[in-house]
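The values are calculated or read from the model by the stated rules, or taken from the named source; none is laboratory data. Note that this is a predicted model, so its numbers are computed, not measured. Quick reminder, even Gly has a Cβ in these numbers, built from the backbone with ideal geometry, and neighbours come from all protein chains shown.
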Amino acid sequence: MTNKFNFNDAVKELPAGKNLNGKDGVLTSIIKQLTKAALQAEIEQHLINDQHPNRQNGSARNLWCQVFNFHF
């Protein structure tokens, strides 16, 4: 379910006996939207506040050479 959460539809479906959560639950779409938004915000915040970016990108060979004292 990828539909946007519609509060009015949710209120109408509850008295009809529809489940709150689960595959076809009333709150499933809003739970999914909130989870995606929270994860995206966490990732963005982590990237913004990363004080020590990955400085080893592309240097695995160099690190291996340093550890084993090997020269090409």
Subject >> the range 37-56 residues that are farther than 24 Å from PHE5 by Cβ, paired with ones that are modelled with pLDDT under 70 (beta carbon under 8 Å, 6 or more apart) >> reply: GLN56/LEU63
**OP:** Identify all residues within the range 1-39 that are small (Gly, Ala, Ser), assigned to a loop (DSSP other than H, G, I, E, B) and either surrounded by 14 or more Cβ atoms within 10 Å (Cβ to Cβ) or touching a Leu at 6+ places or on another chain (Cβ under 6 Å) (or both); write none if there are none.
**Re:** GLY25
